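Inspection log for the structure reproduced underneath, given as structure tokens.
The values are calculated or read from the model by the stated rules, or taken from the named source; none is laboratory data. If you're wondering where the values come from, they're calculated on a predicted model, not measured in any experiment. Cβ placement follows ideal geometry from the backbone for every residue including glycine, while neighbour counts extend to all protein chains displayed.
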Ligand code: GLU
């Protein structure tokens, strides 16, 4: 049984890099009929906040990545971590270290003076035949893990291929602080073990932690998961994405009027591909996904392509759902829908013209109230002549028995012939007077939806 997890630290917002990690873990579990676990890594008590936990849970809900187990909170598992620390001490895989802060600083200074890489010199590490220092009365010890002195830690990374790290590169890391609280790498290990995670799919900023975690798992006789480290997402300039420069939080995307399925579709394409397919559903993604097809190098966010994809998803989204999604935007703009045309029909007519939901809300607006035309449009299309002509056209419209796009359309040709004008000389002033903009779908369909009384009121206005 395949089991994957997403394990964010609640120290800010839900980053889109995190969403991509969650997406690939989720897809791998779904593809293999496995289990996807959500774990909140909140052991850093100073940086973790309840607001951030909420941002993660809300963000996961918004993108629609459903988890089968969790959320599990590391802060609820301290007793378990303490048990495992005791187990490692008892089996001789961990030991107490009584170095004071001053001692560690002096050690570091000496090593640096000798031009060595600073590291803990293992003075409290018990070895056969070694005499340990006398236990000082005033120091509460930390617990350190006994990293193997030689050999290599190696794993076949599902994304990056074989990675080998010499144990000599690794320290005897602290697994419990003086107050007994467990440290980050240690909690991850115990959790991945207890939660029976078979595939650890995470950002490649964790590659350095992996050999440490593997050593601890081995000391615990725990099975080793498969590791797959995903490369970073860079911005368009090839830089690491930052909150200052780039939209990085899931909430930013929701605010910009992005559909969650479009964000997931685009994130799926960042560092993974299936032939030339750009636009696809999550069902297709799950069917096609494999870790082998994930690229080992970083990918760049392309805003234009992303917005194009969002437009494709808006086009194929259900109109009723789009109506619900833009309802708060319309309400905030003071657009009153009651008494106007059915919003789903308006959306069906205009949705091909927009790339995001904010633009969709703006596009819908003039079906419910007359928009103020720009000075340039008034100047260009509304002369005394054309306004008088629109009055004559209003009379034709008033005479229609059936109010439909076809019936309105049939008035155009004879009216233009009668007036000796081209279609544009009718369509443009008509749009400006009725809609307040020249940028509309075909004018007969627009008038049909707005409704006879309202159109006449605006034209004669
Ligand atoms: N909590 C870590 C983070 O937010 C992820 C740890 C992991 O996936 O192993 O970056």
* To do: For residues that are in a loop (DSSP other than H, G, I, E, B) and out of contact with any strand residue (DSSP E or B) (no Cβ under 7 Å at 6 or more places or on another chain), scanning just the range 9-42, find the one that is nearest to residue 184 (Cα to Cα).
  => 41
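Conditions tested, residue by residue: (1) under 20 Å from residue 291 (Cβ atoms); (2) surrounded by 23 or more Cβ atoms within 10 Å (Cβ to Cβ); (3) over 12 Å from the mean Cα position of the chain (by Cα); (4) away from the ligand (no atom under 13 Å from the Cβ).
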position	(1), (2), (3), (4)
1	yes, no, yes, yes
14	no, yes, no, no
22	yes, yes, no, no
32	yes, no, yes, yes
35	yes, no, yes, yes
* For the range 410-417, state whether one or more residues are surrounded by 15 or more Cβ atoms within 10 Å (Cβ to Cβ), touching a helix residue (DSSP H, G or I) at 6+ places or on another chain (Cβ under 6 Å) and not in a helix (DSSP H, G or I). => no
* Asked: Can you list the strands (runs of 3 or more DSSP E) found entirely within the range 113-216 that contain at least 1 residues being within 16 Å of the ligand (Cβ to nearest atom) and in contact with a helix residue (DSSP H, G or I) (Cβ under 8 Å, 6 or more places away or on another chain)?
  -> 152-157, 161-166, 174-176, 199-203
* Structure fact -> Reported set for the range 326-354 where residues are under 19 Å from residue 62 (Cβ atoms) and either touching a residue at least 40 places away in the same chain (Cβ under 8 Å) or surrounded by fewer than 20 Cβ atoms within 10 Å (Cβ to Cβ) (or both) is 327, 328, 329, 332
* Asked: residue 235: surrounded by 17 or more Cβ atoms within 10 Å (Cβ to Cβ), closer than 30 Å to residue 311 by Cα and either within 13 Å of the ligand (Cβ to nearest atom) or modelled with pLDDT under 95 (or both), yes or no?
  -> yes
* To do: Working carefully through the options 280, 306, find the one that is under 16 Å from residue 260 (Cα atoms) and in a loop (DSSP other than H, G, I, E, B).
  => 280
* Structure fact -> Checked against (1) part of a helix (DSSP H, G or I); (2) away from the ligand (no atom under 12 Å from the Cβ); (3) farther than 24 Å from residue 78 by Cβ, residue 54 satisfies every condition except (3)
